[in-house]
Every structure is written in structure tokens, then in C-alpha cells.
Amino acid sequence: MSKKILFIEDEPDEIMMVRERFGTLGYEVVVAMDGEEGMEMFFKEKPDLVLIDVIIPKIDGFVVCRQIRQSPNGEKIPIVLITAAGMLDFEEKSKQAEADAYLRRPYESATLDEIVKNLLEE
Amino acid sequence: MKFPLKITILLGSIIVVAGVGISYFIYSFQTGVLKKQILFRLEEDAFHIMDKLDRMLFERFSDIQVFATCPVISSRSVTAKQITDRLVEYKHQYKIYASLSFFDSDRVRVADTSGLGVGQKYRGEAPWLDEALDKGVVSAATYVRVSQNLKIPVFYFAAPVKDDNGNIFGAVVTRIPVTNIYEIAKLIVEAFVVDLVDKDGLLLYSSYNRKGIFKDNLSDWEAVKRSLSGQMKGNLIHYDEFSKKEDIVVFIHEAGFLDFKGNDWTYLVHVPVEIAFKPAIQLRNKVVTVIFVIIFLALLVIYVLSKRISKPIAQLKEAAVKVGEGRLDTKIEVLSKDEIGDLAFSFNKMTEDLKESRFELLREKSSLEKAKTELDGWSKTLETRVEERTQDLNQSQEATLNMLEDLEKVRDELQETNDHLLRAKSEIERFSKSMESMVESMVEGVIMLDEEGKIVVFNPKARQMLGVGLDEEISRRILDSTMRRIHLLDALSDCIKKKRYCLKEVVVGDNEPLENKRFLRCEMSPVKNKDAAIIGVVIVLRDITHEKEIDRMKTEFISTVSHELRTPLSILKEGVSLVLDRIPGQINDKQEKLLSTVKSNIERLGRIINDLLDISKMEAGKLELKKQRVDIVALAEGIVASFVSKAKEKNLILKKAFSGGKISIYVDSDRIVQAFTNLVNNAIKFTNTGYIEISVKRRADGVECSVADTGVGISKEDIPKVFDKFQQFGRTAGGGEKGTGLGLAITKEIIEAHKGKIWVESQWAKGTKFTFVLPVFKGENLVSEYVSNALGAAQSRGKEGTLIIASVSGFDKLKKKISPAEKEAMFERLKERFKNSVRSSEEVLRCDSEFVVFLEGCSKKDSLDVRKRIKESFRDYLQEEKIAVKIKLGMALYPDDAFDREGLISKAKKGERLNE
């Protein structure tokens, strides 16, 4: 059974890239384009890992992360936060939201691969 | 004389007079009545006695007529013996008679019960007999004589004896001893002094003048006769020689009884006035006594009452005295509802008014005094000059010319001084006017308070900024409430009370949308005069809404740009990586080569964007340094390690020159790494052979780091421009990353942001050495630096915060000494506990034996919770480890406890001891 990744992102090209990458690597990628949809998808699709761009419409990524953590199945699910913004306290905010990993864009694709792989293997 | 006394005397006199008058009137009336009654009684008594006498005489009067008409007696043909016998019978029957006799018409005693003088003619005067025989008059006790043969005073009764034809042929005479009559009449019994007198005043009986009976006349007979003058009774007051007292004499004229007409006797009773009028006198005494008692009581009551009445008046007087002394708080209790109560009420009101006027006057006075002080200064100068001059006058004995001259000088100087004063005054006015105009038209809002806290200046701009109308009356109260609304009141009070400078940024219009908010920068500072005495507070308000807006825009811009640039870049990179990683499919070598170039340029672009963003942040002053204690030596070691491979590639030697041990500095670790890395990168890039030496040395007040190389160097002309933006020297076609032209500019910004300095020494073709110095903060300075940074950040974001300092001491007093390593370990564990209790991502500073943290945005309640947690955690630790070190924990709230760094630190250091 292939692992399911929920990718919450509003930039379509990004979605394509990630789909292309992880899809080929053997993961199932489901996508939500805003925070609200993201929550819905989380409950509907029950993914194995959630990848969130923190700058998204409706509900921002940090809040989504916290909400997932507070939901019944969300305590242990691996969550990775990504940002392109020059946020100074990205690390801190990610820790506060209880994310498992955080990454700044542009990142080295290999880095993301490794993080995802390690998180899904645990 | 005292008022109560006056009243008492006045009312008392009235009462006394009235009382006496009334009582006298009553008394005399009563007495009159009483006297009349007594007299009446006496007269009655006297009358009764007289009446009794008369009745008795009447009986005898009747008797003798009975005798005279007895058949035996009245018969001409009876013998003397028969008459005698009959008379004797009568004598036995009527035991009262001393004797009964019968006389014929020749006055021969025919019969006599006593047997005396029978057959003899009556010798001497016997009017009774004559009247009876001649006139046929019946007499009863009309005459009284001492009997010739009986030898005692007797009353004579006589009645004619008539024969059948009515001719008188004889008379019956009876004799009754006077005493018998008196006894019968009971004249002798009474204690009173009584007299019985006949029609001429001859004493027939007298209880006191027995010798005078039948001899004397009554002493006052004339007066009595006058007084009687035809009446039956009367009375008079008579002074009696015998008893030497006044008597009331009551006299009754004989009234007779039935047929008996009486003898015209008068009966008198003497009663001493004092006995007669005893009741009256008793009454009088009683009345007098009662009157006196009543008067006395009345006086007492009046006195007390008048005292009561005058009390409020006395109170009034005292209150007036107090008010006169200046005690305007005096109030009188208004107890009564009468005019005096009104007076008290008006009095109170008057003092209230006085008090108010006095306050007004005092205020006037103080402002006048201020004006006066100014002029006093000048007049003192005047005085001094005048004094000087007069002294000169006194000293010199010289001619009057000098005196006059001097006087003239004085006058001139007075004139000058006066001119000075006038000029000064007009200058002051001019100056004051120009100040006013300046203040009125200033761009900043200015508010000034004097030393009493009253508003002296409040310019239109200030009104506008605080939302106070241009014409609205400004009072301290309104200012305070406006300040409170924008959360400035505490700052203001602090500035006034502690006399220190304060800077705060506030928002006007908390609840309004962003467009309507105004940001004000408020600077308050005490105003001192040239003697450094504080004479007020000045508040300067600047509207920084625009600046804030620009600032906000800058932040947003940088953030947005950063995001907008990086997003497509990220996609580019991912896309290229995808292909290079052969995810969509295989690629040939040429494609790989081309795409690798693309990728590396994408990365270059990424670096340029990062640098650009960095430099914009730094220029916008938005670069935030996350300072922490860092061992610069270790950091440098890390840098060196990271460049080992790169150096090896170019066959360059990496040299280290680190002064021994740790050098702890308080810096943003990442940024210093960035700076260092930059320098080393450059060094490697521009050096082809030789070495790169990285050194870290301790200096007096800081740490000196340098990166030296044996590279191409920089020309003299270029050295000044070396830190400029987009300067790239020697576009060497060497390996390594292509620079951005911003590296050194950023490095310089970083070093200078840490209050350090950076410079370059270089010689063309010989080598280059970049050196930077960073300050080292130790101990107090470190804490100070930390708090300064944290406070600055909080202030710029308009947030509150809490400074917490925990200090550990008492190591030297421990019973069981611990090694330095153990001590360090303990500090580490304590720091952990501290951090856990704080539960914030804020960096905790450990400085020597203190732990310091500033929690930005922490509310008072949360701060207390944090402190509690730290306290408990430390306590637990001390108990567990059983170490007797002393721990002190203190907390200072910004801005509640203090506004500035020193204030916060000093408060936070005053902690409470944890153990004990």
C-alpha cells in the first residue's frame, strides 16, 4: 500500500512539481488548495503525511497544523511546513505549531525527499 | 452684666412685682373677707349672749307680771300674811329670786320673802318702785343697786298691781342678785374680756374691771355710743391701757325680747386683735411664705432658661471668634428653628462663603506672587545700587556738590533701571508672544504642566492629536482622562512623580479600523530651570502615523517581495531538479549539462535574492538580531571546518590562530556565521596559492577576528569602495560560486549592527586582511545589553513585557564544597528548569550566576504564573539536590514597573529569596 501525502498548497505549478516528484517516487498525492479544504481533505482522505505551505488562503498553514494536531487522529501524523516568505521566526512558529519539520523555499529537492522518507518510515 | 442675669433680673422683677401685687391684693381681699367673717362671728356670739340675757330678763319680766296679776296678790282684800305666803311660794318655785316683796302705794313694804323691812316705808331712792306705782311701768333689771338689807348688788324688777278696776294699789318688786343673772347669762365663763354697760355707759359687769362695776363708765363709752348710733351692733378697734394691746371691740345693743323692751344696755366683747384675726394673720403668713417660695423657684427657672437661651448666642460668639482667627471650617450646629437657629444657619453660610472667597483669594495671591518675584529681582538690583550710593554719601564728608552729583547719578540709574524694567517687560512680552506663536504653530503637539501639575501650555496641535476640541476648556482632569484613554496616564504620572524622561508610542483610536487610527510618539520630560530645580513637565507629541505606515509598508514589501520572488524560483528549481533526477524520464548528457547550468544559476539567483532581501532589511532597519551567548572560538572553528574541502580543492592551507579557551560573546550566531563565511569565501575565491588564516583574539574590550589571505589583494583606489554594494573586483574566471556583489556590504551591516567595527588592509598582489571587532559584554553590561535589545524590540512593536532575573549565590558558604564542574552542571540544570518554566521560545541569558529573560507580550497574569513556575521548579531542585545555595528571584513589568532599562533591571534584581 502506497503512502498517501496530503499537500496543502495554492500555487498550481508547485502542485504539479510535487505531484510529479512524489507520484513517481511511489506516493499517492492528494491536494487541497486552501486551509479549509485542507482540513476537510485531512478527515476525508486520512493521509500518512501532510505537507503544508503556510501561506495559503482561508486558514493559514500554522493554524491548520495546530488544528490537525488537536484532532483525534492528528497527534502523531507527520507534518512538514514549507514557506517561501522571508519569515524570521519560521523555525519558532513551526515548533509552536508542533510540526515535525520545516523547510524554506527554494529548497533542495533531495532534502525534501529525505525528510518525507524518514518521517514516513517511522 | 451677663445676659442670663439680665434676663433673670428683668423677668424676676416683673414676676416679683406682679406676684407681690397679686398676692397682696389677694391677701388683703382674703383678709378683709376673713376679718369680716371673724367680726361677724364675734358679733353673732355677742348677740347670742345678749339675747340670752334678754330672754332671761323677759322671763323675769313675765314672771313679775304673773306675780302682779296673781289673784292673791291683786286682791285688796287679802292679808299681808297671805301675800307673804304667796310670795314665798313663788320664791320656792322660782329659785332665782333673792327676794320678792310687795309694796303698797305708799311705798310701805307690806310683804317680803326675806322678812326684812316689812311694814316699813322704803327709804331711799327707788325709781323702780316709783315707776311701777306711779306710772304702772313694769321694769326688769332697769335699775341695779346694792340692796340695803341684802347688802349685795341686785337687779330690781317691779310690776304694778292693779285691782279689778285697773287701779294701781301696789307693786311687786323682785330682786335678783346680779351674779345670778350673770351666771345665767353665762357672762362670766368666757375667756374673752366682756363688758356690760347700761344706757349711760356705767359698767354693769366687766370681766376685767371688777372693781369698776357700778362705779366706772366704760372707758370708750363715747366712741362706742357714737359707733352704735342707733344701730344694734358695731365694732371698733381700741387700744386698751390695761393689756397694752389692740383689741377689737364688738358691741351689741340690747334688743329686748318680745314685750320686754330692754334697758338699753350694751354688751361688749374685747378680743385682742391678734387672737381675733389669728386666722387672717396665719393666712397672711402662709401666703407670704408661698409667694417667696414661688418667687425663688421662678427666679431659678428663669435663670436656667435664660442661660439655655443664651447658650446658642455664646456659641455664636465663639464661632465668630474662631472665624476671626481664620478658622473658616468652623460650623455651628443649628439646633433650634427660631431666629437664633436662623442666625446660626446664616453664620454657617457666611463662613462657607468666606472660605470660598479665601480660596479664590489664595489662588489670586499665588499668581500675583509669581509676577511679583520677577519684579522683585529687578527691584533688588535697584535696592543694591541705591544702598551703594547712600553708603558713598555717608562716607564722604565732602561738598554738597558730590552729593548732588551722586543724587543725580542715582536718579539716572533709577531711570535706567526703570527703562531696563520696561524694556525687560516688553522683551518678555515680545518673547512670550513669539513663544506663544511658535508653540501655536508647531507641527508637534506640546503640553506643558507647571510644578503644581496645572496646564500651562496646550497648543492646537496637541488638541488635535488628542481629539480635544480647539475651543474646549482644558483642565487637568480632561487631560488625565484623555491620557488614560490612550494608555499614557501611568507614564505621565511616573514622569511627574519620579522626574524622569519617558518615551512611549501610543495608538489613538484603539477600536477603530486601521485607516482611522493615529499613532503618536509621546516624549515626556521634566523641565528644569537654571538652578536645576524642576518647574514642570513638558510633553511633546509627534504624529508618526505616516512613519508607522511607511514602516509597515516596508515590512510588507520585503515580506511580499521575498515571497513573490522565491515562489517562482522554487518552482524553477524543483522543475529542473525533477528532470535532472530523471523522474519524468531519462535525459542525455548534453541535456544534463545544460540543465545543471540552469540549476546552478537558479541557485545563484536565489543567493542574489537572499542578499538583496538581507540588505533591504538592514537598510530599512528591520534586521532583527537574535542574540545569544556564543563562543566565538567554537564558531570560528566551525567555519574553518566547513571550508576544509573547498580550501583543499584550491590547494590552499587553512590556518587557525585562536587565543586559548572560550570567548563568550553576545551575538546573533547565524549572522556572525554569515559574516565570517562571507569573508572566508572571498578569501578563498581571490587566493590562488598560499594560505588563508583565520584568527580570533581576545582584546581589551572585545574580540578581534580576522581573515587574512595571500591572494591578489585590492588596489589602493578600490579599498575605499570595498564595502559598497554591487562592487565586484577581479572577475576571476576561477572556480567557486559567483558572487552577488552584496556580500561585503551585508557583512559590514552585520558587524556594525552588533556595534562592532570592520576594516580591510590590503596590498596589491600580496594579500588582504579583513578584520572585525566585536564588543564583549560581561556581567552587568551583558545583562544591560540584553535588556536593552529586548526592550527596544518590545517598544518598537508597542508591546508590554516582563523582565525576570534569577540569581544564585552563596557557594562559598556551602558546608560541602562543590567543584567547578559540578557548579557548571548545576547551572546548566537550573537553566533548563528556568527555560522549561518560562515555556517561551525566548532565549534565556545566563550571565555569570544570573539567569535573565525578557518575555515580550507577556501579560501581568501570565508573568505571575511564570514566576510561580520558576519558583516551584527551583525549590524542587534545591530540595532534591539538598544544596543550600541561595536563590533570589525577581520580576519587573514593562511598562507598569518601569519604562527604561535601568529601572527594569534594578526592580528585577530586587527579588525575593526562594529558600528559607
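The values are calculated or read from the model by the stated rules, or taken from the named source; none is laboratory data. None of these values were measured; they are calculated from a predicted model. Heads up, the Cβs are rebuilt from the backbone with ideal geometry, glycines too, and the neighbour counts pull from every protein chain shown.
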Practice problem: Answer yes or no: is there a residue in the range B:315-335 that is surrounded by fewer than 16 Cβ atoms within 10 Å (Cβ to Cβ), in contact (Cβ under 8 Å) with a residue 60 or more places away in the chain and either among the basic types (Lys, Arg) or outside the structural domain of residue B:139 (by TED's automatic domain parsing) (or both). | Solution: no
Exercise. For the range B:123-151, name all the residues that are touching a residue at least 60 places away in the same chain (Cβ under 8 Å) and either loosely packed, with under 13 Cβ neighbours inside 10 Å or more than 24 Å from residue B:66 (Cα to Cα) (or both).
Key: B:146
Exercise. Could you tell me whether any residue of the range B:38-57 is closer than 30 Å to residue B:170 by Cβ, surrounded by 16 or more Cβ atoms within 10 Å (Cβ to Cβ) and free of Cβ contacts under 8 Å to residues at least 60 places away in the same chain?
Key: no
Quiz prompt | Test set (1) more than 13 Å from every other protein chain (Cβ to nearest Cβ); (2) surrounded by 14 or more Cβ atoms within 10 Å (Cβ to Cβ); (3) among the polar types (S, T, N, Q) - residue A:94 fails condition number | solution = (1)
Practice problem: Can you work out which of the residues in the range B:774-789 that are out of contact with any helix residue (DSSP H, G or I) (no Cβ under 9 Å at 6 or more places or on another chain) and assigned to a helix (DSSP H, G or I) is surrounded by the fewest Cβ atoms within 10 Å (Cβ to Cβ)? | Solution: B:779
Exercise. Return yes or no: is residue B:866 in a strand (DSSP E or B) and over 25 Å from residue B:493 (Cβ atoms)?
Key: no
Quiz prompt | Any chance residue B:122 is of a type in the set (Phe, Trp, Tyr) and over 24 Å from residue B:266 (Cβ atoms) | solution = yes
Practice problem: Select from the range A:1-13 the residues that are within 14 Å of chain B (Cβ to nearest Cβ) and buried (at least 21 other Cβ atoms within 10 Å of the Cβ) and list them in ascending order. | Solution: A:7, A:9
Quiz prompt | Only one of B:599, B:590, B:573 that is touching a residue at least 24 places away in the same chain (Cβ under 8 Å), over 30 Å from residue B:620 (Cα atoms) and either outside the structural domain of residue B:744 (by TED's automatic domain parsing) or assigned to a helix (DSSP H, G or I) (or both) | solution = B:599
Practice problem: Name the one entry in A:116, A:80 that is more than 11 Å from every other protein chain (Cβ to nearest Cβ), under 15 Å from the mean Cα position of the chain (by Cα) and closer than 30 Å to residue B:555 by Cα. | Solution: A:80
Quiz item: Going by the structure shown, is residue B:303 in a helix (DSSP H, G or I) and in contact (Cβ under 8 Å) with a residue 40 or more places away in the chain?
Solution: yes
Self-check item: Matching residues, the range B:764-773, being outside any loop (DSSP other than H, G, I, E, B) and of a type in the set (Lys, Arg)
Solution: B:769
Practice problem: Go through the range B:365-387 and count every residue that is closer than 21 Å to residue B:417 by Cβ and either small (Gly, Ala, Ser) or in a loop (DSSP other than H, G, I, E, B) (or both). | Solution: 3
Practice problem: Determine if the range B:529-548 includes at least one residue that is touching a helix residue (DSSP H, G or I) at 6+ places or on another chain (Cβ under 9 Å) and within 26 Å of residue B:755 (Cα to Cα). | Solution: no
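Given the structure, is residue B:32 without any contact (Cβ under 8 Å) to a residue 40 or more places away in the chain and either assigned to a helix (DSSP H, G or I) or among the hydrophobic types (A, V, I, L, M, F, W, C) (or both)?
yes
Yes/no matrix, rows are residues, columns are (1) assigned to a helix (DSSP H, G or I); (2) touching a Gly at 6+ places or on another chain (Cβ under 9 Å); (3) over 24 Å from residue B:38 (Cβ atoms):
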| position | (1), (2), (3) |
| --- | --- |
| B:211 | yes, no, yes |
| B:239 | no, no, no |
| B:251 | no, yes, no |
| B:262 | no, yes, yes |
| B:271 | no, no, no |
Practice problem: Hey, can you tell me all the residues within the range B:566-604 that are at pLDDT below 90 and within 9 Å of chain A (Cβ to nearest Cβ)? | Solution: B:583, B:584
Self-check item: Single residue of A:51, A:25 found to be more than 11 Å from chain B (Cβ to nearest Cβ) and within 25 Å of residue B:584 (Cβ to Cβ)
Solution: A:51
Quiz item: Does at least one position in the range B:850-863 carry a residue that is of a type outside the set (Gly, Ala, Ser), outside any strand (DSSP E or B) and under 30 Å from residue B:499 (Cβ atoms)?
Solution: yes
Quiz item: Only one of (1) touching a helix residue (DSSP H, G or I) at 6+ places or on another chain (Cβ under 8 Å); (2) within 13 Å of another protein chain (Cβ to nearest Cβ); (3) among the acidic types (Asp, Glu); (4) assigned to a helix (DSSP H, G or I) fails for residue B:670. Which number is that?
Solution: (1)
Quiz item: Is it the case that some residue within the range B:58-71 is part of a helix (DSSP H, G or I), in contact with a helix residue (DSSP H, G or I) (Cβ under 7 Å, 6 or more places away or on another chain) and of a type in the set (Lys, Arg)?
Solution: no
Exercise. Could you grab me the full set of residues in the range B:614-653 that are touching a residue at least 40 places away in the same chain (Cβ under 8 Å), closer than 21 Å to residue B:786 by Cβ and not β-branched (Val, Ile, Thr)?
Key: B:622, B:623, B:624, B:625, B:626, B:627, B:628, B:629, B:635
Quiz item: Which one of these is surrounded by 15 or more Cβ atoms within 10 Å (Cβ to Cβ), assigned to a helix (DSSP H, G or I) and not assigned by TED's automatic domain parsing to the domain that holds residue B:410: B:351, B:390?
Solution: B:351
